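See below for the structure under consideration.
The values are calculated or read from the model by the stated rules, or taken from the named source; none is laboratory data. Computed from a prediction, not measured in an experiment: that's the story for all the values here. Please note: Cβ atoms are built from the backbone with ideal geometry, for glycine as well, and neighbour counts cover all protein chains shown.
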Amino acid sequence: MAKDRLTMPLLAVAMLGTLITGSAQSQQPNLGYDDTPFQPDGKWRIHDVRRPAPPSVVPGPFVSAPPPKDAVMLLGDGADLSAWQTDAGAPAPWQMAAGVLQTGKGIIRTKAEFTDIQLHVEFATPSTVIGSSQDRGNSGVFLAGVFEIQVLDSFENPTYADGQASAMYGQYPPLVNASRRPGEWQSYDIAFTAPRFSATGELSSPAIVTVFHNGVLVHHARSFWGGTAHRRILPYKPEMARGPIRLQDHGNPVRYRNIWLRSLSSDK
C-alpha cells in the first residue's frame, strides 16, 4: 500500500507535466510540416519543417517608385477602388484612405486580367506585432490569379521557408530574407511571364517570375511548378494562362499603396 500511495502522486505529477508540455507545444508557432507531399523535384516537402531558412540581408533605404507613363495605376494617391472587385464581382469592401488600402474581409482582385506583366507593389505589415509565424502580417499577391508571392512580417519571425515574405508560396523560399521592420513600407518589383498552353491544352511553358524585395533580388527567372495552394501545388490548367492581380486577406491588417502594372504583352 505504501508503494501504491507513492506511485499515485508521482503518476499525477507526470501526467500534469505532460499536459503542461503539450499545452506549451500547442502554442508554439507552426514552423512547417512533415506530412505534406513532396515537391516535384523530390527534395523537400511542401512547407517542409526541415527546409533551411534563407539568410537575412539589410536592404537599402526605401524609395517609393513612381509609375512610368505607360503604367496602369491600380492603387495610388487620388485613386479609388474602381479597378478592384471581389472574386464574386461585388465592389471591393476593403477600406482606403489617402491612397492607402488596408486588408479587410475576403480576397479582392482587379477587374482586368493580364498575362505577362511588370508589377510594383508597396505594402506594410502592422507596426504592433501580434502573433508569430504565419499569423503575423500575412497576406499575398497573386499573379494571373493563382501564382502567389507571399506577404508576411518576416522580420525576426521564423516560419517555414517556402512561406516567408517574398516566397513563391509553397514552392521556393526567397534567395535571401530582405524584410524590413514591422510597420515600415516595403516593396515588391515583379516581372511575370504567364504560362503557355498548346491548342490541345497541354502545358508548353510554365509561369516564370523574377522578384526584387526592397530592391534585393530574391527570385531570378524561376518557374512555378503549378498554382498556389496551402499544403499542395495545383496542377497547370489552360485557364491559368491569364488572370487578375489578387490581394489576399489572412486576418491581419496589412496595408497596400502605390500598386502599378505595365503589360509586357498584347494586353495593352
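Out of VAL141, VAL216, which single residue is modelled with pLDDT of 95 or more, under 24 Å from ARG262 (Cα atoms) and out of contact with any strand residue (DSSP E or B) (no Cβ under 7 Å at 6 or more places or on another chain)? Exactly one of VAL141, VAL216 is modelled with pLDDT of 95 or more, under 24 Å from ARG262 (Cα atoms) and out of contact with any strand residue (DSSP E or B) (no Cβ under 7 Å at 6 or more places or on another chain), namely VAL216. For LYS69, the conditions (1) of a type in the set (Lys, Arg); (2) surrounded by 15 or more Cβ atoms within 10 Å (Cβ to Cβ); (3) more than 18 Å from the chain's Cα centre (by Cα) all hold with the exception of (2). Screening the candidates ASP116, ASP135 for the property of being closer than 25 Å to ARG50 by Cα and touching a residue at least 24 places away in the same chain (Cβ under 8 Å) yields one hit, ASP135. Just the residues that are more than 17 Å from SER56 (Cβ to Cβ) and among the polar types (S, T, N, Q), please, taken from the stretch 202-221. Residues satisfying the conditions are SER204, SER205, THR210. Here's a check for you: in the stretch 215-268, which residue that is of a type in the set (Lys, Arg) and in a loop (DSSP other than H, G, I, E, B) is surrounded by the most Cβ atoms within 10 Å (Cβ to Cβ)? By that ranking, first place goes to ARG242.
One line per residue, one yes/no per condition, for (1) assigned to a loop (DSSP other than H, G, I, E, B); (2) under 15 Å from the mean Cα position of the chain (by Cα):
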residue	(1), (2)
THR128	yes, no
VAL141	no, yes
GLU148	no, yes
THR159	yes, yes
ASP162	no, yes
SER166	yes, yes
GLY170	yes, yes
PRO182	yes, no
ILE190	no, yes
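When the residues of the stretch 42-95 are filtered to those that are of a type in the set (Val, Ile, Thr) and not in a loop (DSSP other than H, G, I, E, B), the one that is nearest to ILE259 (Cα to Cα) is VAL72. For the stretch 152-177, the set of residues classified as of a type in the set (A, V, I, L, M, F, W, C) and more than 19 Å from GLY42 (Cα to Cα) consists of LEU152, PHE155, ALA165, LEU175, VAL176, listed by residue number.
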